[in-house]
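K.L.:
Handing you a structure now.
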Amino acid sequence: MCLELLDDKIQAGYREREHSESAGAATWLDAWADVLRLCDAAGARSIEGFDDRFPMTQSLYNWSQDLEEALWNAGLDDREKLLARIAVCEEALRRFRDEDQLMTENRRRALAESYFEVGKTGKAEDLFQSWLAADPRWGFGWIGWAACHVPRAGRFKNYGRAEELLRRGYSTPGVRDREAIAEWLQILCKETGRLRETREFGQQARQLRRQPPPMTVPHKLELAGQDDESAMVREAVTVSFGAEGLPLGQFPDAMRAVAAKAPAGPVRAAKVGRNAPCPCGSGKKFKKCCGSAQPAGDRD
């Protein structure tokens, strides 16, 4: 295998897609076979491992998702491309078991929707059923399952089934991407002529998008500086607002919530033995953890 030739083949597929989705997908299927041979030869068991060892113009992480998209677009006119997409997704899920959650979820959704599109609806239903039984908070899993029943050219529409699935997802405690489910319900209600419910779900979607990311306030015990023979223990509060941060206008409310959860002040405890568990909760002995910072004269 020549990595340079593989990279050229992938780049050629991008150029071909500009004129023909089917031609680009065919070139990429050939490149995918080369990628699998490289994985076997090098013992690569993860996409990250492949990208580290075989750097290309496009990472395997990005290109493999572009491949699935090209096969889907080409497959709407060519059933063989959809069957190829099923094979690609199944092989990727089998080989790369420890990919990040988003990659795995997207690939599962692509697999199930492809089975549905080629007429293997029972298989698609079983896949979504099993995945959502294991993780009912997968919001886009509910959306993907419902989308299979939304009408498309040549496909029987089943608005009732789609709405049932979306409502099940929407009512699941802690479901991820709940605002996206609300938007799908808004569209579905509009398509079926229910204007009042359309407005209600639209309002709910907007409210959910305006909500701040979850704020977590974990507590932990820390050993403070000692001014006598007693150990001074304090409870520290760590606040996280999630990856998206906190809107500035909501900062005062957040700080009030933190103040309500914060400990009243230092707690003086009996002297901690050197071989006793550390009060910080690390699970280590005191002398191996916070006690290692004590002055030498205080040690047993």
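K.L.:
Which of rounded, prolate or oblate describes region 138-200 when judged by the alpha-carbon gyration tensor and an a/c cut-off of 1.5?
P.N.:
Details: a/c = 2.24, a/b = 1.22, b/c = 1.84.
Note, shape of region 138-200 comes out oblate.
K.L.:
Not counting ligands, DNA or RNA, and with a 1.4 Å probe, what is S64's accessible surface area in Å² rounded to the nearest 10?
P.N.:
Accessible area, nearest 10 Å²: 0 Å².
K.L.:
Can I ask one more? Structure shown: which of K81/K157; K9/K81; K120/K190 lie over 20 Å apart, alpha-carbon to alpha-carbon?
P.N.:
Flagged as over cut-off: K81/K157; K120/K190.
K.L.:
Here is a follow-up. Using a 1.4 Å probe and counting only protein heavy atoms, arrange H149, H19 so the residue with the most accessible area comes first.
P.N.:
H19, H149
K.L.:
Hey, another quick one. Would you mind classifying region 1-122 by shape? Square roots of the alpha carbon gyration tensor eigenvalues, ordered a ≥ b ≥ c; an a/c under 1.5 is rounded, otherwise it is prolate if a/b is larger than b/c and oblate if not.
P.N.:
Because a/c hits 1.5 or more and a/b fails to exceed b/c, region 1-122 counts as oblate.
K.L.:
If you don't mind, another one. At 1.4 Å probe size, put W145, W72 in order of accessible surface, largest to smallest.
P.N.:
Descending accessible area places them as W72, W145.
K.L.:
When the solvent-accessible surface of protein heavy atoms is calculated with a 1.4 angstrom probe, in what order do S20, S171 fall, highest first?
P.N.:
Details: S20 45, S171 85 Å².
Per-residue accessible area, sorted high to low, gives S171, S20.
K.L.:
Within region 1-56, what whole-number % of the accessible surface is contributed by carbon and sulfur, with the 1.4 Å probe and all protein chains included in the calculation?
P.N.:
Working: 1490 of 3040 Å².
Ligands and nucleic acids excluded, carbon and sulfur reach 49 percent.
K.L.:
Got a number for the accessible area of V150? Probe 1.4 Å, square angstrom, nearest 10.
P.N.:
About 50 Å², ignoring ligands and nucleic acids.
K.L.:
What are the trypsin sites (Lys or Arg not before Pro) within region 1-84 that DSSP puts in a loop, where the Cβ has at most 16 other Cβ atoms within 10 Å?
P.N.:
Answer in residue order: R45.
K.L.:
Something else now. Please report the carbon-and-sulfur percent of the accessible area for region 100-174; probe 1.4 Å, protein heavy atoms only, DNA, RNA and ligands left out.
P.N.:
In region 100-174, the share of accessible area belonging to carbon and sulfur is 54 percent.
K.L.:
Express in Å², to the nearest 10, the accessible area of L93 obtained by rolling a 1.4 Å probe over the protein heavy atoms while all chains stay in place.
P.N.:
40 Å²
K.L.:
Would you mind getting the accessible area per residue of region 1-84, heavy atoms of the protein chains only, 1.4 Å probe, in Å²?
P.N.:
Per-residue value: 51 Å².
The values are calculated or read from the model by the stated rules, or taken from the named source; none is laboratory data. Just so we're clear, the structure is a prediction, and the values are computed from it rather than from any experiment. Positions of Cβ are backbone-derived with ideal geometry, glycine not excepted, and every protein chain shown enters the neighbour counts. Accessible surface areas use protein heavy atoms only, side chains included; no ligands, DNA or RNA. Shrake-Rupley method; radii C 1.70, N 1.55, O 1.52, S 1.80 Å.
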